[in-house]
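A quick write-up on the structure given underneath.
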Number of protein chains: 2
Amino acid sequence: MTDTAPGTANRTPTRRYGTRPTMKDVAARAGVGLKTVSRVVNGEPGVTPDTERRVQEAITALGFRRNDSARILRKGRTASIGLVLEDLADPFYGPLSRAVEEVARAHGALLINGSSAEDPEREQELVLALCARRVDGLVIIPAGHDHRYLAPEMAAGIATVFVDRPAGRIDADAVLADSFGGSHDAVAHLIAHGHRRIGFLGDLPGIHTAAERLRGYHAAMSEAGLPVHDAWVSLGPTDPERVRTAATAMLDAAEPVTALFAGNNRVTVTVVRVLAERPAPATPVALIGFDDFELADLLSPGITVIAQDSAQLGRTAADLLFRRLDGAGGDPRRLVLPTRLIPRGSGELPPPATS
Amino acid sequence: MTDTAPGTANRTPTRRYGTRPTMKDVAARAGVGLKTVSRVVNGEPGVTPDTERRVQEAITALGFRRNDSARILRKGRTASIGLVLEDLADPFYGPLSRAVEEVARAHGALLINGSSAEDPEREQELVLALCARRVDGLVIIPAGHDHRYLAPEMAAGIATVFVDRPAGRIDADAVLADSFGGSHDAVAHLIAHGHRRIGFLGDLPGIHTAAERLRGYHAAMSEAGLPVHDAWVSLGPTDPERVRTAATAMLDAAEPVTALFAGNNRVTVTVVRVLAERPAPATPVALIGFDDFELADLLSPGITVIAQDSAQLGRTAADLLFRRLDGAGGDPRRLVLPTRLIPRGSGELPPPATS
DNA sequence: TAGCCCCTGGACAACGTTGTCACCGCCGGG
DNA sequence: CCCGGCGGTGACAACGTTGTCCAGGGGCTA
């Protein structure tokens with residue numbers, strides 16, 4: 001009684017506000033043993049219909065709901081998985097997250113997710129918080145490059161699958177899109193349409209996908225025997241200001257690029273804006289973007305993209321995760337999903353005739 | 001030993017795979033008491049630097065990580081909140097979810113979220129699962145219209161805030177956008193530009209926002225003394241097929257509508273597609289959409305929209321939730337956030353001169 | 001030097017559930 | 001009539017942590 005707030009003592013004579021009935025309360029009210037309540041709640045066999053009815057009545061009368069915290073502590077499994085990604089608000093990650101959730105749901109698990117905001121420290125903090133909660137598994141879109149901090153957790157049985165980018169300095173399952181191949185295809189496509197001076201606007205070079213896409217760009221250029229000017233490549237944060245500046249510089253150079261390859265959806269959108277704002281040139285600048293985005297087909301011209309199915313990425317990763325949780329052993333696997341070039345017009349524009 | 005997998009017995013002599021060290025193990029290894037370990041782990045005062053060092057060493061040596069399940073059970077607070085929305089993959093909910101997450105993070109809480117897929121049963125299932133986990137609070141974008149099932153949970157202390165749509169048949173906090181006002185503004189805007197026959201393409205009439213937007217449409221029309229033909233209003237699922245059919249019917253009628261008001265972002269996008277696919281009419285059809293969406297400004301014409309800030313919606317709801325959790329009392333509140341008309345061209349198109 | 005207090009550290013119960021095991025009464029068979 | 005078995009039920013420990021309480025020792029003051 002001593003820790004009962006004075007004001008609430010009279011309002012709820014039987015139990016304090018915020019205190020919920022437990023199985024013990026239900027048992028007492030139904031006049032049965034604790035374990036019998038447990039059996040009823042979990043649908044275990046071995047309870048007379050009459051007893052069950054009495055217990056059910058007590059449950060509804062008291063508004064009892066099983067405390068899963070205690071259940072989890074006892075059983076050791078939390079039936080929940082963690083998802084750490086860069087930014088839930090990014091249209092690329094929404095479908096991915098939803099796909100992971102659907103798979104989790106099919107396995108009766110809940111999804112706890114957090115955004116790292118591309119900050120390695122925040123990623124680690126989040127991941128370890130999830131480990132402390134003893135999630136059964138983790139799906140991680142890594143922001144950092146060193147995941148050795150995860151080794152003890154994985155050794156302790158927390159299944160982990162990396163998505164979109166591989167783990168750093170540890171061996172772990174990963175599900176990736178074919179950034180190199182997709183990028184190569186895009187640049188080759190532009191070259192096939194006659195372009196020789198192609199600019200690449202990419203994400204921070206430390207990000208695995210950005211590096212791979214740059215590699216694909218270089219590979220396609222060199223396969224075609226084309227030189228790459230330093231001024232044609234710009235890597236950095238994807239905020240509109242930087243992209244805008246970089247794109248403008250490439251387009252206004254003495255020998256301007258005739259085509260642009262944008263390294264991800266945010267960059268593509270900014271480039272579209274930049275191109276739209278410039279006075280219409282005699283020959284429009286060709287553009288291909290990595291990642292598809294809604295309405296890309298409705299712009300004029302439609303934006304040619306390298307599409308990767310982010311939902312499929314998430315689904316594949318979650319499937320792999322649950323296979324691991326179901327006991328699938330073997331060495332860490334790396335799955336690479338293909339990308340697809342969707343021509344819509346902007347990537348098929350020819351270079352100026354003079355070029 | 002009997003339940004140790006044969007292959008792992010030799011690899012981990014001291015403990016089975018999947019079993020983690022506990023504070024007891026740490027205490028034993030450090031040669032201190034259990035509670036001392038607890039003090040170190042939680043940064044509580046009253047431990048000599050030397051003792052603390054020994055404990056820290058034992059912690060890293062064993063790879064110990066506090067089991068938050070047990071902590072939660074003991075403390076009664078989970079430091080996590082649940083978010084139930086319709087579809088994480090929807091660009092409207094991504095920013096909302098992210099905003100809720102940020103607020104939660106600022107309060108040291110994790111976010112568990114789930115998609116109801118607009119299915120009341122699934123919503124209830126999810127919400128109750130979250131209650132069983134004893135989340136501290138809930139942010140709900142309701143799919144159903146009867147939330148009496150939540151009453152016992154709320155009485156037991158789970159703070160709950162509804163977003164985007166109010167709760168059904170119970171009294172609860174709600175944060176809404178001004179659907180009626182925004183809708184009214186949109187239609188008035190079209191009327192001001194000379195339109196008399198305006199079509200409304202809305203979501204399922206059971207959804208609160210859809211009903212409110214319809215109400216705003218009717219209000220604006222009747223204020224202007226304009227009649228509303230049955231054929232000008234179409235409510236239903238927002239899948240492209242239905243919207244396409246409905247829009248086409250309105251546009252091909254004997255007395256076709258000269259302007260369309262789309263009830264949400266999915267509808268707007270489909271309508272834009274429909275209009276783009278039709279042979280260009282002498283006078284283009286005016287269009288205003290509820291919800292802003294990326295690239296709306298880059299289409300030609302730009303799409304005039306009624307913008308509601310979904311991130312702000314989420315932030316406001318989460319703020320309110322944590323104020324409740326911090327003990328703020330008082331009656332349930334209903335906050336209504338304003339919408340904003342953003343003219344971009346499509347809503348300013350005049351009707352045909354003959355009209 | 002005696003007495004007291006503070007500081008550190010540990011023993012123990014409790015959180016609410018589930019798994020194990022034992023008990024009770026009743027049945028059929030010997 | 002007794003015994004074995006079985007279906008139904010409950011007592012009890014354990015999961016890993018935190019809060020409460022107490023003990024012991026060292027330093028300080030009177």
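Things to note:
- Probe 1.4 Å, protein heavy atoms only - accessible area per residue of chain A in square angstrom: 44 Å²
- Bridgeable lysines around residue B:75 (alpha carbons under 17 Å apart, same-chain partners fewer than 8 residues away excluded): B:35.
- Exam field: residue B:240 pseudo-label spacings to other copies (7 Å along Cα-Cβ), nanometres: 2.7
- For the protein assembly as shown, diffusion coefficient by Stokes-Einstein and Kirkwood Rh (Cα), 4 °C, 1.567 mPa s, µm²/s: 45 µm²/s
- A Förster distance of 45 Å, applied to the separation of the beta-carbon atoms of residue A:38 and residue B:44, puts the FRET efficiency at 0.80.
- Distance distribution P(r), segment A:28-175, all Cα-Cα pairs, bin width 10 angstrom from 0: 10, 33, 23, 15, 14, 4, 0 percent.
- Taking chain B as a Gaussian network of alpha-carbon nodes connected by springs under 10 Å, the highest mean-square fluctuation of the residues B:33, B:168, B:225 belongs to B:33.
- Cβ-placed point charges (K, R +1; D, E -1), dipole of the protein assembly as shown about Cα centre in debye, nearest 20: 3220 debye
- 7 Å along Cα→Cβ, label-point gaps from residue A:300 to other copies, nm, shortest first: 0.5
- For peptide A:107-114, the mean count of partner chain Cβ atoms within 10 Å of a residue's Cβ comes to 4.
- Furthest towards positive pole of dipole, A:290, A:245, A:263, structure part segment A:179-307, Cβ charges: A:245
- For chain A, the convex hull drawn through the C-alpha positions has a volume of 199 cubic angstrom per residue.
- With label points defined 7 Å past Cα in the direction of Cβ, position residue B:343 shows copy-to-copy spacings of 4.2 nm, given to one decimal and shortest first.
- Largest-first ordering by accessible area, 1.4 Å probe, given options B:164, A:178, B:50: B:50, A:178, B:164
- The mean sequence distance of close C-alpha pairs (under 8 Å, at least 6 residues apart), as a share of the length of chain B, puts its relative contact order at 16 percent.
- Surface composition of chain B: carbon and sulfur make up 53 percent of the accessible area, probe 1.4 Å.
- Label zone at residue A:226, where the point sits 7 Å out along the Cα-to-Cβ direction: segment A:177-194 residues whose backbone N lies under 13 Å: A:184-194
- Pairs of Cα atoms in segment B:205-355 fall into 10 Å distance bins, from 0 up to the last occupied one, in shares of 9, 35, 33, 14, 7, 2, 0 percent.
- Buried on complex formation within segment A:51-87 (loss of at least 50 square angstrom of accessible surface versus the isolated chain, 1.4 Å probe, ligands and nucleic acids ignored): A:65, A:68, A:69, A:73.
- Helix B:310-325 axis, angle to chain B major axis (alpha carbon atoms, nearest 10°): 40 degrees
- Each Lys and Arg contributes +1 and each Asp and Glu -1, all at the Cβ; summed about the Cα centre of chain B, the dipole is approximately 1940 debye.
The values are calculated or read from the model by the stated rules, or taken from the named source; none is laboratory data. Everything numeric in this text was worked out from a predicted model, so none of it was measured. Every residue, glycine as well, gets a Cβ built from its backbone with ideal geometry; the counts of neighbours run over all protein chains shown. For accessibility, only protein heavy atoms count, side chains too; no ligands or nucleic acids. Shrake-Rupley method; radii C 1.70, N 1.55, O 1.52, S 1.80 Å.
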